[in-house]
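These notes concern the structure reproduced below.
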Amino acid sequence: MEKERKMMMLCLLLAAVCSPVFSDEWRASVVSQIDALVSSCVVVPCTFTHSGGTLPGSRLRGLWHKQTKEELIYYEDQTKILDNFKDRTKMLGQLGQGNCTLEMTQVRNHDNGPFCFRVEIVIDETNKPTKEMFSFVEQCVTLNMLLDAPKPTLTHSKTAYEGKPYTITCSVTHTCPSHPPQIKWSLKTTEDITVIHKNQQSGNWEVQSILTFVPKEKDDHTEITCTAEFNGQKTSSDTVTLYVKRAESYNHIIIPAAVGIGTALVFGVFCIFMAKKYKNRIIELQNRDGSMLNRLRSLSRRGRR
Ligand SMILES: *[C@@H]1O[C@H](CO)[C@@H](O)[C@H](O)[C@H]1NC(C)=O
């Protein structure tokens, strides 16, 4: 056990000593292109590794710059950043975890880039990076400027049935998971809304709002609008018309049928009752007739004698 521990310590020491030497072993991975909505925000996914293993975040400095290293768009020290980008960029990722994800807010028309990532290792105990003490990789991203907000899409089943839950989904794509678009619905009923955020890789995201409600008869032909409100006030929307099938659409069959069956039943009972009543009377009459005939017969016999 003691030997193993010593070996591990040695390895760690070697790794720490060697990492600045093997500077070319650094790797960063940044998406090469990403859509960015003007006035909104964009999050550029970025990760990096180096052969020496992970270093604590306190020993790393991440920076983002334009074509030249001097044109900084993100740095810890705000004073060194280009005026244009001051207070607009933020490192969302934890450098200690190899995450160099960058957020840019209030995107402007000319923020196309390319923007490149660089990492510095601070060896000095006082954490002061000096030119001799850094190692870096470069990876660059270009922003595709979008002037208009992407339109949401509505998916739903064709017909809604009165009194039965109906689901309609509104989805919209974006590239700013830190401030995703808010989806609003025009319906003001007691709604049940579920929001789902889907990562579609390479910095693209989709937000889905699933609305479930129970349509009423009066909702027929109502227009349902879903509006996506992007960070920075830009909006886009889509509308569908709701068609509600009435639940009592079967009543024109059910009611007459029920009435018919009811009438038949009442009539049937009446007939049976009448038949019973008349049966007695017929038998009575037959009996009476029978006795009359007998009497007549005996009378005629007596007369012949
Ligand atoms: C990097 O950090 C961002 C922001 O915190 C996070 O959303 C993302 O999942 C992280 N990426 C990785 C690969 O860990």
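Could you pull out every residue, at least 5 positions away or on a different chain, whose amide H is within less than 5 Å of the one on Leu146? Hs are placed 1.01 Å off N in the peptide plane, and Pro or chain starts have none.
Residues meeting the amide H criterion: Ala36, Leu37, Val38.
Over region 153-245, with every protein chain in place, what whole percent of the accessible area is carbon and sulfur at 1.4 Å, could you tell me?
Values: 2510 of 5100 Å².
Of all accessible area on region 153-245, carbon and sulfur atoms account for 49 percent.
Taking amide H positions as placed 1.01 Å from N in the peptide plane, with prolines and chain starts having none, which residues 5 or more places from Tyr161, or on another chain, fall under 5 Å of its amide H?
Here the answer is Lys245, since their amide H atoms fall under 5 Å of that of Tyr161.
Could I have the simple spin-label model distance between Glu217 and Thr263, label points 7 Å from Cα toward Cβ, reported in nm to one decimal?
Computed distance between label sites Glu217 and Thr263 equals 2.5 nm.
The values are calculated or read from the model by the stated rules, or taken from the named source; none is laboratory data. As the structure is a prediction and not an experimental result, all values here were calculated from the model. Reconstructed Cβ throughout: ideal geometry from the backbone, glycine too, with neighbour counts over all protein chains shown. Side chains included, ligands, DNA and RNA excluded: accessible areas come from the protein's heavy atoms. Shrake-Rupley method; radii C 1.70, N 1.55, O 1.52, S 1.80 Å.
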